[in-house]
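Step one of this worksheet: look at the structure below.
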Amino acid sequence: MKNLFIAFIALFLVVGTAQAQDGKKMLKNAKKAIGKYNADPVKNAAMLGEGLQLLEEAFADAEVSGQAKNHLTKGNLFQDILDGEIKANLLNPDAKIGNPMAGINAFNAYSKALEIAEKGGDKKAALKGINAIEGNLNNTGISMYNEKNYEAAFKNFEAGVSAYKLLKANDKDSRLGDPEVYKDHIFFTGVNAYFSTEGDIKRSIPYFEELYAQGTDQPMIYEALYKMNYETDQDKAVAYLAKGREMFPDDTGMLFAEINHYLTAGETDVLLEKLNDAAEKEPDNMSVIVTRGKVYDELHTTAKSEGDEVKATEYFNKALADYNGVLAKDAENFDATYSIGALYYNKAAGMADGINKLASDYSKAGTAKYDAAKKEMDAIFGEALPFFEAADKINGNDMNTLIALKEIYARQSNFEKSNEYKSKIEAAK
């Protein structure tokens with residue numbers, strides 16, 4: 001039994017030694033494969049995948065992954081891959097960076113080497129590697145940003161920030177030691193997080209808040225902070241918006257953010273002031289004019305419900321003037337076309353309660369008033385019709401247009417057309 005026990009121990013020792021040797025061998029073979037790829041990326045393209053697979057398998061070995069020198073090797077291999085791709089990209093902008101995570105992998109490897117290094121030489125080499133990879137992280141981030149690969153760009157810029165912090169903590173120089181370079185880098189880190197659709201947009205907040213605290217001259221930061229804080233802290237969001245408008249009174253992005261804010265808040269007096277300002281700055285921006293028309297339309301409806309006919313007529317005419325102004329410049333503008341139809345439709349529909357009250361008066365005078373009011377209402381519905389028909393030609397899939405046409409044709413006893421639009425509505429559901 002003793003001999004058998006000793007035999008098992010011997011077997012385990014042999015297997016353990018074999019695994020360690022295999023890990024080292026795989027690392028060596030990974031270096032060879034990646035070296036061949038770097039020598040001729042086109043001819044030896046397949047060697048990259050083989051080398052990366054061997055590298056991953058090598059670091060599954062605890063002895064390999066436990067030594068700082070191996071992590072330095074890993075970092076150098078990824079650095080070499082990226083060096084070649086960036087050089088090719090700089091010489092030929094059409095040559096894409098095929099491995100945008102290589103710089104991040106290199107940085108992570110150097111960081112791990114720094115963390116576990118026991119020898120001063122290994123620590124020095126790790127910091128040197130981190131310093132060397134900074135530029136490539138930045139170049140990759142820029143390249144990915146230009147390709148609109150915002151997630152990859154963000155991760156590279158984010159790794160650049162981490163590299164700077166590690167170097168700073170170890171009293172080493174960094175390209176981000178220059179305050180202006182640092183600001184630009186933080187800005188693009190936040191911008192790419194903000195534009196990326198693959199992660200939480202709020203990853204940009206700490207970067208934007210850092211720049212905000214420094215008094216940034218980038219208007220989009222104030223707008224972005226307003227939008228990202230609006231749901232959770234409206235007071236804070238409005239403070240960002242107000243500061244942005246104060247600093248950039250002529251920036252249209254900030255102006256439209258403010259317009260949307262007051263539109264959502266329903267503060268029509270302030271909103272109209274902002275819309276008038278926007279219309280002066282961008283007279284050819286049809287969405288501004290249409291939006292202002294819709295605000296006047298809402299004010300018309302409110303005044304009508306309050307029995308203020310003078311104000312109702314004033315707002316009706318202002319809304320109509322804005323919509324017609326848009327159509328004078330863009331006859332196919334759907335929003336303006338539909339909105340004129342809706343303006344007349346809502347005016348007619350607003351008369352329904354008064355007409356229903358007249359219906360209970362069966363006297364000759366009461367009947368005459370009812371008939372006159374109904375005739376006026378039907379005439380206004382008739383004024384809405386051609387605009388809804390035109391809107392339907394521009395966009396035949398708009399449900400509100402289809403419903404309005406069905407209702408107006410039914411009022412005109414044109415049941416054939418009304419049923420036609422009824423069928424379209426049912427088909428669209």
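Readers should treat all values here as calculations from the given coordinates under stated rules, not as data from a laboratory. Please read all numbers here as calculations on a predicted model, not as lab measurements. Positions of Cβ are backbone-derived with ideal geometry, glycine not excepted, and every protein chain shown enters the neighbour counts.
Taking P(r) over Cα pairs in 20 Å bins from 0, in percent as calculated from this structure, the corresponding entry among (1) 24, 51, 23, 2; (2) 27, 58, 15, 0; (3) 18, 32, 24, 18, 7, 1, 0 is (3). Return the whole-Å distance between the Cα centroid of the range 23-95 and the Cα centroid of the range 129-178. A separation of 20 Å, based on Cα centres.
Under the criterion of Cα pairs below 8 Å and six or more residues apart, the relative contact order for the chain equals 6 percent.
Cut-off is 10 Å between beta-carbons; in what order do Ile130, Ile34 appear when sorted fewest neighbours first?
Working: Ile130 27, Ile34 23.
Lowest count first: Ile34, Ile130.
Sequentially through the range 148-155, phi angles give Karplus couplings (6.51, -1.76, 1.60; θ = phi - 60°) of 6, 8, 5, 5, 5, 4, 4, 5 Hz, Gly and Pro residues having no value and appearing as x.
Taking 0.36 nm per intervening residue step and subtracting the Cα-Cα distance, what contour gain separates Lys357 from Ala62 on full extension? Each step should come with its number before you reach the end.
Working: separation 295, 0.36 × 295 = 106.20 nm, distance 8.82 nm.
Result for the pair: 97.4 nm of gain on full extension.
Exposed loop GluC sites (Glu not before Pro) only (DSSP loop, at most 12 other Cβ atoms within 10 Å): please give the longest stretch of the chain free of them, not including the sites. All intermediate terms of the calculation are to be shown ahead of the outcome.
On the way: sites that count: Glu118, Glu198, Glu231, Glu306, Glu332.
Maximal segment without exposed cleavage sites: 1-117.
Among the trypsin sites (Lys or Arg not before Pro) in the range 79-169, those placed in a DSSP loop whose Cβ has at most 12 other Cβ atoms within 10 Å are Lys119, Lys148. Between Asp398 and Thr197, what FRET efficiency comes out of the Förster formula 1/(1 + (r/R0)^6) with R0 = 45 Å and r the beta carbon distance, rounded to 0.05? That gives a FRET efficiency of 0.95. Estimated from helices alone, the mean residue ellipticity of the chain at 222 nm is -27000 deg cm²/dmol (sum of -39500 (n - 2.57) over DSSP H runs with n ≥ 4, per residue). Pick from Asp80, Asp178, Asp335: which residue has the top mean-square fluctuation in a GNM of the chain where Cα pairs under 10 Å get a spring? Comparing Asp80, Asp178, Asp335 in the GNM, the peak value goes to Asp178. Computed from Cα positions, the angle between helix 309-329 and the longest principal axis of the chain comes to roughly 60 degrees.
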